[in-house]
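> Below you'll find the structure I mean.
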Amino acid sequence: MSDFSSEQKILLNQGKMLPVMEHFYTIQGEGAHSGRAAYFIRLGGCDVGCHWCDVKESWDATLHPLMDAEEIATIAAKHCKTIIITGGEPLMWDLNILTKKLKELGCTIHVETSGSHNLRGHIDWITLSPKKVKLPKEEIYQMADELKVVIFNNHDFKFAEEQAAKVSEKCKLYLQSEWSKREQNYSKITDYILQNPKWIASVQTHKYLNIP
Ligand code: SF4
């Protein structure tokens, strides 16, 4: 946060302001809620550093406008009562004010996170997508509703099993190919799931549909 002013840093630390990269109403493309209408709030800032990241422009939080947390909640809730907070890494920020306002407005709140920071806020559905370069905090594994492991190379299947051993029994288990490797990876994912049917294939359908 080197380029935020000291006043902005205070507001960010309090969760009153958040760096909003984009916000839009669309259909959730992947995972357990695939096909569901949802309002996405994509927060800027990520310190995980996956080399295959497809939203690298999110990493530097200072590039994204700060918005009042209650204001973005009000805008989102006007469109839809299912809200998906994503990033970047949204748990870098204190989400208490944003999520309190969303709950007051009758929303169901999802978050998509690597789990590498402590959760601050009220969340109804946690999509945990662990990354090898910065592992999740231990406490978030048992809170996760769905585990989504991105498959980039063969070692990621082993990583997926290590991560699955840490989540609760109710947690749904998804394997999803990294987008640029999808042609070669989905045949491997299919074979793997046929051998290990506790896993479910997740496909980024929004990219095929050419919607955000
Ligand atoms: Fe990109 Fe997500 Fe990895 Fe951050 S955690 S680098 S936003 S893929």
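The values are calculated or read from the model by the stated rules, or taken from the named source; none is laboratory data. Just so we're clear, the structure is a prediction, and the values are computed from it rather than from any experiment. With ideal geometry, Cβ positions are generated from the backbone for all residues, glycine too; neighbour counts draw on all protein chains shown.
> Kindly indicate whether any position in segment 35-45 is more than 16 Å from the ligand (Cβ to nearest atom), over 15 Å from the mean Cα position of the chain (by Cα), within 22 Å of K207 (Cα to Cα) and among the hydrophobic types (A, V, I, L, M, F, W, C).
yes
> Within segment 71-92, restricting attention to residues that are without any contact (Cβ under 8 Å) to a residue 40 or more places away in the chain and away from the ligand (no atom under 16 Å from the Cβ), which residue is nearest to S6 (Cα to Cα)?
In this case the residue turns out to be E71.
> Going through L128, L102 one at a time, which residue ends up being away from the ligand (no atom under 14 Å from the Cβ), in contact with a helix residue (DSSP H, G or I) (Cβ under 7 Å, 6 or more places away or on another chain) and of a type outside the set (S, T, N, Q)?
Values: L128 fails: away from the ligand (no atom under 14 Å from the Cβ).
On inspection, the qualifying residue turns out to be L102.
> Moving on to the next point. Might you let me know whether segment 8-16 holds any residue that is in contact (Cβ under 8 Å) with a residue 40 or more places away in the chain, among the aliphatic types (A, V, I, L, M) and under 17 Å from D94 (Cα atoms)?
Looking for residues that are in contact (Cβ under 8 Å) with a residue 40 or more places away in the chain, among the aliphatic types (A, V, I, L, M) and under 17 Å from D94 (Cα atoms), one finds at least one in segment 8-16, hence yes.
> Looking at (1) in contact with a helix residue (DSSP H, G or I) (Cβ under 6 Å, 6 or more places away or on another chain); (2) assigned to a helix (DSSP H, G or I), find the lone condition where M21 falls short.
(2)
> From the list A38, A32, which one is among the small types (G, A, S), in a strand (DSSP E or B) and under 21 Å from I123 (Cα atoms)? Step through it out loud before you land on a result.
Values: A32 fails: in a strand (DSSP E or B).
Residue meeting the stated conditions: A38.
> Can you name every residue in segment 150-208 that is of a type in the set (D, E) and touching a strand residue (DSSP E or B) at 6+ places or on another chain (Cβ under 6 Å)? So that I can check it myself, show each step before the final result.
Taking segment 150-208 first, the residues of a type in the set (D, E) are 156, 161-162, 169, 178, 183, 191.
The answer is E178, and nothing else.
> Select from segment 176-212 the residues that are within 25 Å of Y25 (Cα to Cα) and outside any helix (DSSP H, G or I) and list them in ascending order.
Within segment 176-212, Q176, S177, E178, A201, S202, V203, Q204, N210, I211, P212 qualify.
> Would you mention how many residues in segment 128-154 are part of a loop (DSSP other than H, G, I, E, B) and either at pLDDT below 95 or not aliphatic (A, V, I, L, M) (or both)? Steps first, please.
Step one: of segment 128-154, the residues part of a loop (DSSP other than H, G, I, E, B) are 129-130, 132-133, 135-137, 142-145, 152-154.
Now narrow it down to the ones that are either at pLDDT below 95 or not aliphatic (A, V, I, L, M) (or both): 129-130, 132, 136-137, 142, 145, 152-154.
Selection size over segment 128-154: 10.
> All but one of (1) more than 16 Å from the ligand (Cβ to nearest atom); (2) surrounded by fewer than 19 Cβ atoms within 10 Å (Cβ to Cβ); (3) farther than 21 Å from V150 by Cβ; (4) of a type in the set (S, T, Y) hold for T26, so report the exception by its number.
Against the list (1) more than 16 Å from the ligand (Cβ to nearest atom); (2) surrounded by fewer than 19 Cβ atoms within 10 Å (Cβ to Cβ); (3) farther than 21 Å from V150 by Cβ; (4) of a type in the set (S, T, Y), T26 comes up short only on (3).
Rundown of residues vs (1) surrounded by 16 or more Cβ atoms within 10 Å (Cβ to Cβ); (2) modelled with pLDDT of 95 or more; (3) touching a Ser or Thr at 6+ places or on another chain (Cβ under 7 Å); (4) not hydroxyl-bearing (S, T, Y), yes/no style:
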| residue | (1), (2), (3), (4) |
| --- | --- |
| S6 | no, yes, no, no |
| A37 | no, yes, yes, yes |
| S58 | yes, yes, no, no |
| L66 | yes, yes, no, yes |
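> Same structure again: Condition test on K172, is it within 19 Å of the chain's Cα centre (by Cα) and crowded, with 16+ Cβ neighbours inside 10 Å?
So K172 fits the description; yes.
> What tally of residues in segment 57-106 results from selecting those that are part of a helix (DSSP H, G or I) and of a type in the set (V, I, T)? Talk me through it step by step, then tell me what you get.
So in segment 57-106, the residues part of a helix (DSSP H, G or I) come out as 57-58, 61-63, 69-79, 90-92, 96-104.
Narrowing further to those that are of a type in the set (V, I, T): 62, 72, 74-75, 97, 99.
Residues that pass the stated criteria total 6.
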